[in-house]
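Worksheet for the structure shown next.
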Amino acid sequence: MEIYHQPVMVKEVLEILQPERGGIFVDCTVGEGGHSEAILRLLPHSGTLICIDRDEELLNIAKMRLRNLHPNIHFFHANFSRLKDVLSSIGVKEVDGFLFDLGVSLRQLQTPERGFSFQVDGPLDMRMDKNDSVRAEELVNRLSKNELASLFRDFGEERLANVIASAIVEKRNQKPFRTTRELAELIENIAKRRGKIHPATKVFMALRIAVNKELEEIYTALPLAISLLKAGGRICVLSYHSLEDRIIKQIFKSNRDKIVILTPKPLRPSREEISINSRARSAKLRAAERRCA
């Protein structure tokens, strides 16, 4: 039996998107299909679900999982910044609901050769789309000390950014970094563990964000999705760290002429959900509805 990544805040997502009303819905980060499966269980046969993901391995898993659940499903291997091109390719001009789940899949983290995790040793990769050219290894071994420090500070909010960047440059002059374990051990020797948070967490997150240009994707895709919503259509965004959440909040506020913000403060997972799935604890959900003309 296939074990899938456990989707976060499914109940809240469904309450906001209301797929039972029918129409066209887009899961911009389908992953292994957890949220999409829940949407399809409620979506009338006349409705349509469009599934997008930049990770082809996860997209193929979602295809196998979802393909027999509904007559109208489309799958696209693409970055969600290409949303308009994807929808145009099948003649869709307006959408009833968008979902963005900006988290990393547990399968990505637990697959050593993907290089996302400091907990399993693997190549310093971190590419969500294997067709992309830049790996984390290139950033770690080629960026200057100041560039690395800025990356760790701006994308990871790492307070020891300068110290870690200096140590990386000194170490790589002796031998380039090749694996996640090499980098994680260096950071462990510099920063003490704070509670359950591994000292390499923020550096690895910053590298992943940089490799996949995640913030640029958000800045491009969210305003685009808002512009493609029908009157009364809804957008739902799940984020997992403060940097993403601030960007989403900013984009929603700057589009108040087009949308009504449904979540003045982000929704958080229930205690019950966190007790079942501890990875949900950092999730924040923001949602908005397209204004009627």
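For the reader, a short list of remarks on this structure follows.
- Unmet requirement for V169, which otherwise passes all of (1) closer than 30 Å to E56 by Cα; (2) surrounded by fewer than 19 Cβ atoms within 10 Å (Cβ to Cβ); (3) not polar (S, T, N, Q): (1)
- Scope the range 5-43; condition closer than 24 Å to A231 by Cβ, in a loop (DSSP other than H, G, I, E, B) and in contact with a helix residue (DSSP H, G or I) (Cβ under 7 Å, 6 or more places away or on another chain); matching residues: C28, L43
- Residue under evaluation K11, criteria (1) surrounded by fewer than 22 Cβ atoms within 10 Å (Cβ to Cβ); (2) touching a Phe, Trp or Tyr at 6+ places or on another chain (Cβ under 6 Å), criterion not met: (2)
- Criterion applied to G115, G91 was being small (G, A, S) and within 26 Å of T179 (Cβ to Cβ), and the one residue passing it is G115.
- Only a single criterion out of (1) acidic (D, E); (2) modelled with pLDDT of 95 or more; (3) surrounded by 15 or more Cβ atoms within 10 Å (Cβ to Cβ) is not satisfied by E32, namely (2).
- Lone unmet requirement of (1) surrounded by fewer than 19 Cβ atoms within 10 Å (Cβ to Cβ); (2) in the same structural domain as E170 (by TED's automatic domain parsing); (3) in a loop (DSSP other than H, G, I, E, B) for H70: (2)
- Residue in the range 237-255 that is under 24 Å from D85 (Cβ atoms), touching a His at 6+ places or on another chain (Cβ under 9 Å) and either in contact (Cβ under 8 Å) with a residue 24 or more places away in the chain or not aromatic (F, W, Y) (or both) present: yes
- Checking E138 against (1) over 22 Å from I218 (Cβ atoms); (2) buried (at least 17 other Cβ atoms within 10 Å of the Cβ); (3) acidic (D, E), the condition it does not meet: (2)
- Verdict on S254 being at pLDDT below 95 and either within 28 Å of D132 (Cβ to Cβ) or touching a helix residue (DSSP H, G or I) at 6+ places or on another chain (Cβ under 9 Å) (or both): no
- Conditions (1) surrounded by 14 or more Cβ atoms within 10 Å (Cβ to Cβ); (2) in the same structural domain as L87 (by TED's automatic domain parsing); number of the one not met by A206: (2)
- Of the helices (runs of 4 or more DSSP H) lying entirely inside the range 92-188, those containing at least 2 residues that are closer than 27 Å to A280 by Cβ and either assigned by TED's automatic domain parsing to the domain that holds G47 or of a type outside the set (A, V, I, L, M) (or both) span 106-110, 145-156.
- Here F252 passes the criteria (1) closer than 17 Å to K284 by Cβ; (2) in contact with a Phe, Trp or Tyr (Cβ under 7 Å, 6 or more places away or on another chain) except the one numbered (2).
- Residue in the range 267-277 that is touching a residue at least 40 places away in the same chain (Cβ under 8 Å) and of a type in the set (S, T, N, Q) present: yes
- Look at (1) surrounded by 22 or more Cβ atoms within 10 Å (Cβ to Cβ); (2) under 26 Å from D129 (Cα atoms); (3) at pLDDT 95 or above and you find that R234 fails only one, number (2).
- Among the conditions (1) of a type in the set (D, E, K, R); (2) exposed (fewer than 15 other Cβ atoms within 10 Å of the Cβ); (3) touching a Leu at 6+ places or on another chain (Cβ under 6 Å), D101 misses just one, which is (2).
The values are calculated or read from the model by the stated rules, or taken from the named source; none is laboratory data. Keep in mind that what you see is a predicted model, and the values were worked out from it rather than measured. Here Cβ is always computed from backbone atoms with ideal geometry, including for glycine, and neighbour counts include all displayed protein chains.
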